[in-house]
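The values are calculated or read from the model by the stated rules, or taken from the named source; none is laboratory data. The model shown is predicted, which means the values in this text are computed figures rather than measured ones. Note that we place each Cβ from the backbone using ideal geometry, even for glycine, and neighbour counts take in every protein chain shown. Heads up: the accessible areas ignore ligands, DNA and RNA and are worked out on the full protein's heavy atoms, side chains in. Shrake-Rupley method; radii C 1.70, N 1.55, O 1.52, S 1.80 Å.
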Amino acid sequence: MRGSRLLLLLVAASSLCLYAVIAVQQTCPADLDGKCEGAASDDWEGEFFPGIPKIKYEGPTSKNPLAYKWYNAEEVILGKKMKDWMRFSVAFWHTFRGTGGDPFGAPTKVWPWEDGTNSLAMAKRRMRAHFEFMEKLGVDRWCFHDRDIAPDGKTLEVAQLFMHPRYMHGAATSPEVKVYAYAAAQVKKALEVTHYLGGENYVFWGGREGYQTLLNTDMKRELDHLANFLQAAVDYKKKIGFKGTLLIEPKPQEPTKHQYDWDVATAFAFLQKYGLTGEFKINVECNHATLSGHSCHHELETARINGLLGNIDANTGDPQVGWDTDQFMTDIAEATLVMSSVVKNGGLAPGGFNFDAKLRRESTDVEDMFLAHISGMDTLARGLRNVAKLLEDGSLDELVRKRYQSFDSEIGALIEAGKGDFVTLERKVLEWGEPTVPSGKQELAEMLFQSAL
């Protein structure tokens, strides 16, 4: 495995993915060129994407679908190179393990390098294809779950447990103490491997940390258990010297009816209550934001103003579909709002943008893998350029400043300092009389925003 490439790691905590699968068989070396006893040799020769050139920036006038029109990695925007604003990451699970299957239909994608087996030799070949994809795309970060990169095992030491039935009631929130302990052992190993591989982030997504009905649920006890579990993860992180960021990824439901980290505000309240705010940041997934009834911009701003914005899963949903469709973001206005939060945050490092997005079921050409990522990268790059235009123009910022300018007064400063007591304010009201309330100028704000698109 080319460990130098591995800078971003994504781990799902509800299913508590385990990285020990890297050493499934002692006779199978982990290096890409090693031979594996009992498995078919990897006889793939040449490129995996022979018809695809290295993707280059050609500018907005280019008609070449295999070229960047807006993303120019080395170009400096607002004091940083675009690649440093973006820190794009390929999600291995969607890009190389996605099959196109859904609850109503069979898989539709079988890539040329796949041989239909679940052998370690096949896993190595797939990894070679993955790194060639990254090299041609010009992206140097990737993220994965343990189950994506190697065959399953049968014991704690080698098993992946992403969909295991032992977690049907949750992991850290399971009512069974043995399941809780099993999950702890699994995360222990995952943290060790993340540290060994030089990962920068470790994300907890609690898809089964919630409930189906409160009739059989002790919510307080489950939340206490979850907090203790996360605290134990913090303690072990420090014990082994892992310097990466721990993140929580909110989602309201699916597969659980109600997930405990429903949205950013709920996750923030949980972290505050249990004294974990200094130990975790938030990984915002845009599609999860809309499922919780918010815009992605709302969730990003909620995380940012509370000092919690650490990473973004760059995807979107379909407004006509009520589930997590994980589509590539192509809406320029949404991307501009997303990038406005990122710029206000000063960037995302050591986090970045994970393309937690998948091809549509009907997109089955190898070329589509590149087209989807090019489109997603260009969309966010265009959003960054739009933010730069808005900041240079300054009209929208000035509109917001004027809307709150009454608080720039002496009494306003007193209120914002927490010293505006009711007696003083009552005296001022009697002095002023009925206040004049100005227009909010929403239509003008929308006009100014749209002018940058």
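Here's a check for you: in region 376-396, which residue that is surrounded by fewer than 17 Cβ atoms within 10 Å (Cβ to Cβ) and touching a residue at least 40 places away in the same chain (Cβ under 8 Å) is nearest to the chain's Cα centre (by Cα)?
Looking at the filtered set, the residue picked out is A388.
Just one of (1) assigned to a helix (DSSP H, G or I); (2) over 13 Å from M369 (Cβ atoms) fails for K136. It is (2). State whether one or more residues within region 189-196 are assigned to a loop (DSSP other than H, G, I, E, B) and over 18 Å from L309 (Cα atoms). No, region 189-196 contains no residue that is assigned to a loop (DSSP other than H, G, I, E, B) and over 18 Å from L309 (Cα atoms). For region 283-324, the candidate set comprises residues that are part of a helix (DSSP H, G or I) and either of a type in the set (V, I, T) or within 22 Å of M369 (Cα to Cα) (or both); within that set, the residue that is nearest to the chain's Cα centre (by Cα) is C286. In region 421-433, the residues that are of a type outside the set (V, I, T) reach residues that are in a helix (DSSP H, G or I) and at pLDDT 95 or above with C-beta atoms within less than 8 angstrom, at least six apart or across chains, in these pairs: L425/I411; L425/I415; K428/I411.
Each residue in region 193-225 was checked for being closer than 25 Å to V284 by Cα, open to solvent by 60 Å² or more (accessible area, probe 1.4 Å) and either in contact with a helix residue (DSSP H, G or I) (Cβ under 6 Å, 6 or more places away or on another chain) or among the aliphatic types (A, V, I, L, M) (or both), and 3 of them qualify. Does F407 qualify as being hydrophobic (A, V, I, L, M, F, W, C) and either closer than 29 Å to T336 by Cα or open to solvent by less than 80 Å² (accessible area, probe 1.4 Å) (or both)? Spelling it out, F407 is indeed hydrophobic (A, V, I, L, M, F, W, C) and either closer than 29 Å to T336 by Cα or open to solvent by less than 80 Å² (accessible area, probe 1.4 Å) (or both). The residue list A269, A190, A184 contains one member that is open to solvent by 20 Å² or more (accessible area, probe 1.4 Å) and in contact (Cβ under 8 Å) with a residue 12 or more places away in the chain, which is A184. On inspection, S295 qualifies as in contact (Cβ under 8 Å) with a residue 12 or more places away in the chain and open to solvent by 40 Å² or more (accessible area, probe 1.4 Å). Within region 325-332, one or more residues are open to solvent by 70 Å² or more (accessible area, probe 1.4 Å), in a loop (DSSP other than H, G, I, E, B), closer than 23 Å to G59 by Cβ and modelled with pLDDT of 95 or more.
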